[in-house]
1. Arg313 fails exactly one of the following numbered conditions: (1) exposed (fewer than 15 other Cβ atoms within 10 Å of the Cβ); (2) at pLDDT below 90; (3) closer than 28 Å to Ala464 by Cα. What is the number of that condition?
2. Out of the residues in segment 376-417 that are surrounded by 15 or more Cβ atoms within 10 Å (Cβ to Cβ) and aromatic (Phe, Trp, Tyr), which is farthest from Ser356 (Cα to Cα)?
3. What number of residues in segment 334-349 are surrounded by fewer than 17 Cβ atoms within 10 Å (Cβ to Cβ) and outside any strand (DSSP E or B)?
4. Would you pick out the residues in segment 4-32 that are surrounded by 15 or more Cβ atoms within 10 Å (Cβ to Cβ) and modelled with pLDDT of 90 or more?
5. Among (1) at pLDDT 80 or above; (2) out of contact with any Leu (no Cβ under 8 Å at 6 or more places or on another chain); (3) open to solvent by less than 90 Å² (accessible area, probe 1.4 Å); (4) over 30 Å from Val17 (Cα atoms), which single condition is Ala187 missing?
6. Can you confirm whether Asn307 is surrounded by 11 or more Cβ atoms within 10 Å (Cβ to Cβ), assigned to a helix (DSSP H, G or I) and at pLDDT below 80?
7. Taking the residues in segment 411-440 that are under 49 Å from the mean Cα position of the chain (by Cα) and among the aliphatic types (A, V, I, L, M) as candidates, determine which candidate is modelled with the lowest pLDDT.
Amino acid sequence: MFNSVRVRLTLWHAGVVACVLLILAGATLFLLQRNSLRRVDNSLEDVAHAFLATVRAELRDPDRSRHFKDSIAAAIQEHTYRETSFSVFDSEGNTILSSNAHPAFLDSELPRFSQLRAQAVANPLPRHPFRTMPASGHLYRGYARPFVVEGKDYVLVVLQSMHGEHEFLEAVTQTYALLIPLAVLLAGLGGYFLARRSLSPVVAMSSQAGRIGAENLHDRLVVRNTKDELGHLAQSFNQLLDRLDESFEHQRRFVADASHELRTPVAILSGEAEVALSKSDRTPGEYRESLEILRKEAIRLRQIVENLFTLTRADIGQYPLTMTKFYLDELAADSVRNFRALAQAKQITLQCETVSELLVDADESLLRRMFVNLLDNAIKYTPFGGRVLVSCSRSDSFYSVSISDNGPGIPPDLQPRIFERFFRVQKSRPNLETATGGAGLGLAICRWIAEAHQGRLELIRSDAAGSTFTFYIPTPDSPNSTRPV
């Protein structure tokens, strides 16, 4: 039961309401009791003041030559109040006179009454002249007032029953005891209703999300309100589904393209092997020709598998970089020298223009591989008698390497896709592409190599005059590893 969010929210809501009501009830009862005591104390002071005023008036009246005790009796008779009694004591604590309503058992049963009387006798200005004293199931509030008559010290003690105030507080307490559980119950029911209503979209989204699988990954959650938290949650989940759908689509396309690329060399290998084995009277030259075809296709197949393996390891972050310091200009010049024979076969002018002392901290084998792929593409798509230029320079905290050719260029509508895996621009350069048999993985690997070094690879231009690819890599003294803008 407590595993349900609705139940936990309901219990929390009811618990908070109960705590608030209990604190409110306790504070209210405390204030009521405090105000009640203050009201009774003020009443006792007023009654005591009026009582003593009457005593003094009786003693000063020339027409009534009364004794002190008779004056007290007259004052008691005049100030007869319900549930209020008066007692007068001398300085030794002896009772001078008490009203008929005064409980006679107070002296024996209530030590605090004796303490109050003794304190008033000993200290004419007591600091705490009030006492609350229980007796026979009732509460009494006592007030001691010292006074002097004819040079003698006396103490007036006034007692007032607090039965009415006690009954009022009990009534308020009983009311709270009845209303608080009812309010908590109603708050719990209301909280459960609100929690159920508020969480119903979550339940609906959970049910709908549970039905989404690989076969219906295009389905999306229904967003009822795009401005509240649940709407943001549904939108975030839909965005996650969009990314998953895109990843699945890339994976399906990758598998299909990889199967297609692998099927061609495998079919050639199988066909050539069958042809070579089908005839027993073939000449050594024919066997050599078949073996040469098998060798080329095996090399191509190995390159495709190696490229796929490289990209797969790169995707899962398991391709470690071996970082060393070397000069980028020397690596560029060395790569150009390695391609001079291939360029001369097509009468292509291959030039290298670099700035010296371009020290870089990178994986030399990966950068060499990137140079090989870019130069191979440049020479591959440059016509006979063309020109390929490799240039290196430094700009701020980055090195830039540009490889330009004067080939036929890439159509503008296909340029955003040239870094996709297995993508080949077959329509613009069909003869060259068919002749070289590229798998469409070279530029994807080059971009990964650039990004692995906190750099990037860009197609700067591509038109009828040729194409230019530029690679950026940070210098060793770069303050950060951010990519260039």
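1. (3)
2. The residue in question is Tyr381.
3. In the first step, residues of segment 334-349 are kept if they are surrounded by fewer than 17 Cβ atoms within 10 Å (Cβ to Cβ); the result is 334, 337-338, 340-342, 344-347, 349.
Then drop every residue that is not outside any strand (DSSP E or B), which leaves 334, 337-338, 340-342, 344-347.
Number of matching residues: 10.
4. Hits for segment 4-32 are Val17, Ala18, Leu21, Ala25, Leu32.
5. (4)
6. Yes, satisfied.
7. Result: Ala439.
A quick yes/no check of all residues on (1) touching a residue at least 60 places away in the same chain (Cβ under 8 Å); (2) farther than 24 Å from Arg456 by Cβ:
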residue	(1), (2)
Lys346	no, yes
Leu350	no, yes
Leu359	yes, no
Pro408	no, yes
Ile418	no, no
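The values are calculated or read from the model by the stated rules, or taken from the named source; none is laboratory data. Every value quoted in this text rests on a predicted model; they were computed, and no experiment measured them. Please note: Cβ atoms are built from the backbone with ideal geometry, for glycine as well, and neighbour counts cover all protein chains shown. Keep in mind that these areas ignore ligands, DNA and RNA; they rest on the heavy atoms of the full protein, side chains included. Shrake-Rupley method; radii C 1.70, N 1.55, O 1.52, S 1.80 Å.
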